[in-house]
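Everything on this sheet refers to the single structure shown next.
Values quoted throughout were computed directly from the atomic coordinates according to the rules given, and no laboratory measurement underlies them. From a predicted model like this one, the values you see are computed outputs, not experimental measurements. Cβ coordinates were reconstructed from backbone atoms using ideal geometry, including for glycine residues, and neighbour counts include every protein chain displayed.
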Amino acid sequence: WITAAYTQAVTSSTTNNSSNSGNTSSNTSTNNNTSTAKEQAISKNLQTTTSINVRSDASTTASVVSSLSSNATVKAVAQKQGTTVSGTATWYKLSSGGWVTAAYVKEVSSSSNTGNSSSNTNVSTSVNGAAIVAEARKYIGTPYQWGGKGPDVFDCSGFTRYVFLQVTGKNIGDWTVPQESAGTIIPVSQAQAGDLLFWGEKGNTYHVAIATSNSSYIHAPSTGYTVTEAKSGFGTASFALRVK
């Protein structure tokens, strides 16, 4: 019990408002303490200004999945904020997978990807296209390993080289740039099963795959992945090649 001499009656709304005000303040403080980097979809053609690493996430501590040489042309499909490098925290997600810092790339016009716009209507069909695709599909699930030439592990160019060697007996080249000379360059829009797809500027390509149709391809993507068949990213290839 307490004496009424030192208390006064108040309405219940006063107590509730005070309590609610405290709750609101608490909630606002909590919300202000949460900050999550959001991935934003984009479509940009980029060119590296120096040799850089491609990482598994937007951080300089994320694992390196591949690398790009200077002046390589790539396609960015998303961006988000990550580790600050040379004053910028922006990172770009590449169509071929992985992230690069915006510090060492510049945006270029789509005309840089000349393989998509050039025309070549008098090109014969791919050498044993169906056989190439059938052979390539045998290795779906095979682990990626940088420098892997098969058949137990592959990198992207090691995979394409091995498949063509098995079917045609021809060595089309040990890595992407020599493989650019294994046939006739055609627009990506004309690619058929058995053709090669390249990403990057001619003479400086960084990824290669085998078309399994006019909208899908099979490739050895990057570290941590296995040989897989995909459709996403087909249209972002820089140019195609019909092997002679």
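Structure notes:
- Magnitude of the charge dipole for the range 117-244, about its Cα centre and with charges confined to Cβ atoms of Lys, Arg (+1) and Asp, Glu (-1), is about 200 debye.
- The ranking of Val74, Val108 by Cβ neighbour count inside 10 Å, starting from the fewest, reads Val108, Val74.
- Cα→Cβ-extended label distance, 7 Å offset, between Asn171 and Asn128, nm: 1.8
- FRET efficiency, 1/(1 + (r/R0)^6) with R0 35 Å, evaluated for Asp152 and Thr184 via beta carbons: 0.65
- Kirkwood radius for the range 40-112, taken over all pairs of different Cα atoms as the inverse mean of 1/r, rounds to 11.8 Å.
- Nearby lysines by direct alpha-carbon distance to Lys38 (threshold 29 angstrom, same-chain neighbours under 8 apart not counted): Lys75, Lys80, Lys93, Lys106, Lys231
- Between Ala103 and Thr83, the contour length at 0.36 nm per residue exceeds the alpha carbon distance by 6.1 nm.
- Largest-first ellipsoid semi-axes for the range 115-243, taking √(5λ) over the Cα gyration tensor eigenvalues, angstrom: 21, 15, 14
- Across the range 115-243, Cα pairs under 8 Å and at least six residues apart give a relative contact order of 32 percent.
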